[in-house]
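Here is the structure we will look at.
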Amino acid sequence: MPQKFWKHQCPGKSPYLVGSPRAYACATACDNPMVYDGWHNSALEAAAWFQKFYGLKQTGPHDNLRRRLFTGTTQRCAQCSGRGYFDAAGGLAFEVCSKCDGWGNCSTISEELRAMLRAQVIARFPDAAARSDLPHPAFSMIVNDVGSGEMIVTPIPGRH
């Protein structure tokens, strides 16, 4: 399930996100505060969205080919600024972005072209194939099957 994140920015460094403002102590003691950044996908949801979009395992010997073929085929969702979600109920819950459906990205290519690119990866690396017909990750239980390299996504009854 998506979770709330807070952002921290040390002077001269890139900001990064953490899941709890109390679980982090700045190593440089810069005294910059944690700033609430809204709801984001957890690492498991991000991995499930990856598999749902590409139909490929997230890592493996196919990585370089996948990166080369799929570079520029997505862009960060402008509506939700790449978060995938909006605050609801005063920040106690989330709403799914209507443009990206919670992924945080939008495809810049057709489903047909994406299928052709996926087929090229699988032709060279048959073991890279993964199910893409996954239920919505935000409303599911997600497990990383480390043996197969696939994300297993099971919908939570009564959710989306």
Checklist entry - Going by alpha carbons, how many degrees (0 to 90, nearest 10) lie between the helix axis of 43-54 and the longest principal axis of the chain? => result 30 degrees
Item to check | GNM result for the chain, Cα springs below 10 Å: residue of D37, D127, D145 fluctuating most strongly | outcome: D145
Checklist entry - Quick one: if you stick a label point 7 Å off each Cα along the C-beta vector at Q9 and C106, how many nm between them? => result 2.5 nm
Checklist entry - Which one of A48, G60, G84 is farthest out on the positive end of the charge dipole of the stretch 37-102, using unit charges on Cβ (Lys, Arg +1; Asp, Glu -1) and the Cα centre as origin? => result G60
Checklist entry - What is the distance in Å between the Cα centres of the stretch 112-152 and the stretch 54-96? => result 14 Å
Item to check | Neighbour-count order for C80, C30, fewest beta carbons within 10 angstrom listed first | outcome: C30, C80
Checklist outcome for this item: Projecting the Cα atoms of P137, I122, P155 onto the charge dipole of the stretch 34-160, where Lys and Arg contribute +1 and Asp and Glu -1 at Cβ, the residue farthest towards the positive end is I122
Item to check | Fluctuation leader among P15, P126, P61 - the chain, Gaussian network, Cα springs under 10 angstrom | outcome: P15
Next on the checklist: Using only Cα atoms and rounding to the nearest 10 degrees, what angle (0 to 90) does helix 111-124 make with the longest principal axis of the chain?
Outcome noted: 70 degrees
Checklist entry - If you compute Rg and Dmax of the Cα atoms in Å for the structure shown, which of (i) 17.4, 52; (ii) 20.4, 61; (iii) 17.2, 59 do you land on? => result (i)
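State to the nearest 20 debye the size of the charge dipole of the chain about its Cα centre, where the only charges are +1 on K and R beta carbons and -1 on D and E beta carbons.
Working: 17 positive and 13 negative charges, 67 e Å.
Dipole size: approximately 320 debye.
The numbers here are math on the coordinates, done by the rules we state, and not lab data. Model, not experiment: these values are computed from the prediction. Virtual Cβ from ideal backbone geometry, glycine too; neighbours counted across all protein chains shown.
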